[in-house]
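Only one structure is covered here, and it is reproduced in the block below.
The values are calculated or read from the model by the stated rules, or taken from the named source; none is laboratory data. Small disclaimer: the values here were computed from a predicted structure and weren't measured. Ideal geometry is used to build each Cβ from the backbone, glycine not excepted, and the neighbour counts take in all protein chains shown. Accessible surface areas use protein heavy atoms only, side chains included; no ligands, DNA or RNA. Shrake-Rupley method; radii C 1.70, N 1.55, O 1.52, S 1.80 Å.
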Amino acid sequence: MHIANLSVADALTSLRSAEQGLTSAEAEKRLREFGPNRIEEIRGEPQWRQFFRQFTHFFALILWVAAALAFFAESRSPGEGM
């Protein structure tokens with residue numbers, strides 16, 4: 001069951017807490033076990049590289065080759081397409 005659907009007492013019990021908060025000993029124990037409560041920034045791949053990578057996956061390369069062949073065929077015999 002989702003914690004938002006529980007009563008206050010049941011939610012606190014499931015979190016092993018109380019209305020007054022955690023004891024200092026419990027807070028220290030959780031800090032050692034889980035580490036500090038902060039969000040760390042994760043460096044990702046730059047957006048420009050993500051954009052250009054979209055043009056180099058297998059299916060995109062097949063489309064590039066097909067487009068090149070179509071342009072080549074049109075330059076050799078213009079107007080003979082559909």
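Some points to look at:
- Between the Cα long axis of helix 58-76 and the first principal axis of the chain there is an angle of about 20°, rounded to the nearest 10.
- Residue range of the chain that is longest and free of trypsin sites (Lys or Arg not before Pro) which are both DSSP loop and sparsely packed (at most 10 other C-beta within 10 Å): 44-82
- Over the stretch 1-44, equivalent-ellipsoid semi-axes from the Cα gyration tensor in Å: 25, 18, 7
- The sum of -39500 (n - 2.57) across all DSSP H runs of n ≥ 4, divided by the residue count of the chain, sets its helix-only mean residue ellipticity at 222 nm to -16000 deg cm²/dmol.
- Taking GluC sites (Glu not before Pro) as exposed when DSSP calls them loop and at most 15 other C-beta atoms lie within 10 angstrom, the chain has its longest site-free stretch at 42-79.
- Apportionment of accessible area to carbon and sulfur, the chain, percent (1.4 Å): 61 percent
- In the context of the full set of protein chains, residues of the chain present 98 Å² of accessible surface per residue (probe radius 1.4 Å, heavy atoms only).
- Relative to the longest principal axis of the Cα atoms of the chain, helix 24-34 runs at roughly 20 degrees.
- One way to sum up the overall shape of the chain is the equivalent ellipsoid from its Cα gyration tensor, whose semi-axes run 63, 18, 8 Å, largest first.
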